[in-house]
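None of the figures in this text is laboratory data; all of them are computed from the coordinates on show. Values in this document were obtained by computation on a predicted structure and should not be read as measured data. Backbone-built Cβ (ideal geometry, glycine too); neighbour counts: all protein chains shown.
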Amino acid sequence: MSRKEAAAPRGEIKAFLGEGTDFKGILTFEGTVRIDGQMEGEIYTKDTLIVGESAVVNAEINVHTVIISGVVRGNINASGKIEVHRPGKLFGNVKTPSIFIEEGVIFEGNCSMVQNAGEEKKVSTIASRKSAESQEGEDLAAASKTD
């Protein structure tokens, strides 16, 4: 068994867009789907997407897990994890609690690591509160110096 096969989830593949396939639109599915052709549009699942070495995907991707060995252009929101294996290329911003990028991969974009959207909001709220408390402390210190 190759290392890439070992990285794939153990569930059976429910659908397969093979090499030479060209799909445009919105793809929603349950279970594991593998793309080895071309896809353009949007992808939604609470399960796993596998992007094979020959795949070229231009899409906004919202999944639990994505495993990339091909080319992906677009933003990814993964509630589970993102894995990018050689010779994969990822061009876009990602949001996920867990990311693995193998040496030799090309990744151009930003990465935000949060547990979920609520967690990100919570972090920014805490940062705002700390900033406000810091400002209050500075104001008190300045007032006591002038007294």
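Odds and ends about this structure:
- Summed side-chain charge close to residue 62 - residues other than residue 62 whose Cβ falls under 12 Å, Lys, Arg +1, Asp, Glu -1: -1
- Looking at the stretch 65-115, the GluC sites (Glu not before Pro) that sit in a DSSP loop and have at most 13 other Cβ atoms within 10 Å of their own Cβ are 103.
- Taking Cβ atoms as reference points and 14 Å as the exclusive limit, the residues near residue 39 contribute a net charge of -3, counting Lys and Arg as +1 and Asp and Glu as -1.
- Highest to lowest packing among 49-58, 85-94, scored as the average C-beta count within 10 Å: 49-58, 85-94
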